[in-house]
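The values are calculated or read from the model by the stated rules, or taken from the named source; none is laboratory data. Predicted, not measured: the structure shown is a model, and the values here were computed from it. Cβ placement follows ideal geometry from the backbone for every residue including glycine, while neighbour counts extend to all protein chains displayed. All accessible areas refer to the heavy atoms of the entire protein, side chains included, with ligands and DNA or RNA removed. Shrake-Rupley method; radii C 1.70, N 1.55, O 1.52, S 1.80 Å.
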Amino acid sequence: MITKAEKTTQYIIRTVAPIFNKKGYAATSLNDITKAAGLTKGAIYGNFKSKDEIALKAFKHNTTMVLSRIRQYMDKGNTPLERLLHLVEFYKNYYEFTNDFGGCPIINTAVDAKNTHPALLQHAQETIATIENLIAEQIEYGKQIGEIRKTIPGPVYGKRFYSLIQGAIFMSQTTGKKEYTTDCLNVIIDTINQRFK
């Protein structure tokens, strides 16, 4: 059974996670946090040791939503190739999916934390590695069962595909033009269809 304190902690994180994602660590003030949560400073610090702890948990909340949705999409596939194509399908709607909570939390946090917050940057790097590995694992499994050509290196394509995806998302977020993402995802689909089989 979840305690009242745990419910309050979860409520605070859910409420402030979009603020950290939109404004960044440095620009998010304690006043922003108390105002959004409708709680006093004492209530906030009764649940968290510091702003750092709130920021890290807010990032984890945002990326858990992303990773959960990726897995939901990939689980629709019955084979490695199908799962990879479902991953692409997820990213076709990523701009709209993340728009409600301030855009891609991985890009936003990594850029914001690069020179200012090593712990947040490390969490962003770990999330990047997780997604790259999801792609690489499907490729390697596809090779094992003969669905994907043996010459396709999973880790290389995990990085390559995710770099294309994140670069396109950055451009779409920055310009407000979804075609950057659509075009790059079509490149990935073409690569899967033409080179992997």
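Which of the lysines could a cross-linker span from residue 114 if the Cα-Cα distance has to be under 20 Å and same-chain partners fewer than 8 positions apart are dropped?
Within the straight-line cut-off, residue 114 pairs with 22, 23, 51, 57, 60, 159.
Label residue 26 and residue 3 with points 7 Å out from Cα along Cα→Cβ: what is the distance between them in nm?
Rounded to a tenth, the inter-label distance reads 3.7 nm.
Does region 91-152 come out rounded, prolate or oblate, given a ≥ b ≥ c as the square roots of the eigenvalues of its C-alpha gyration tensor, rounded meaning a/c under 1.5 and, failing that, prolate meaning a/b above b/c?
Taking the square roots of the gyration eigenvalues as a ≥ b ≥ c, region 91-152 is oblate.
Determine the calculated [θ] at 222 nm for the chain from helices alone, applying -39500 (n - 2.57) to every DSSP H run no shorter than 4 residues and normalising by the residue count; nearest 500 deg cm²/dmol.
Result for the chain, helices only: -24500 deg cm²/dmol.
Once the Cα atoms of helix 4-23 and of the chain are each reduced to a long axis, what angle between those two axes, in degrees from 0 to 90 to the nearest 10, is obtained?
In the chain, helix 4-23 runs at an angle near 70 degrees to the longest axis.
May I ask you to give the solvent-accessible area per residue for the chain, in square angstrom, as obtained with a 1.4 angstrom probe?
Ligands and nucleic acids excluded, the figure is 53 Å² per residue.
Can you give the local net charge around residue 87? Use residues other than it whose beta-carbon is closer than 12 angstrom to its beta-carbon, Lys and Arg +1, Asp and Glu -1.
Charge balance in the 12 Å sphere: 0.
Rg/Rh for the chain to two decimals, with Rh computed the Kirkwood way over all alpha-carbon pairs.
1.04
Quote the relative contact order of the chain in percent (integer), defining contacts as alpha-carbon pairs under 8 Å separated by 6+ residues.
Once normalised by length, the contact order is 20 percent.
Using a 1.4 Å probe on the protein heavy atoms, what percent of the accessible area of the chain belongs to carbon and sulfur?
Carbon and sulfur atoms account for 53 percent of the accessible area of the chain.
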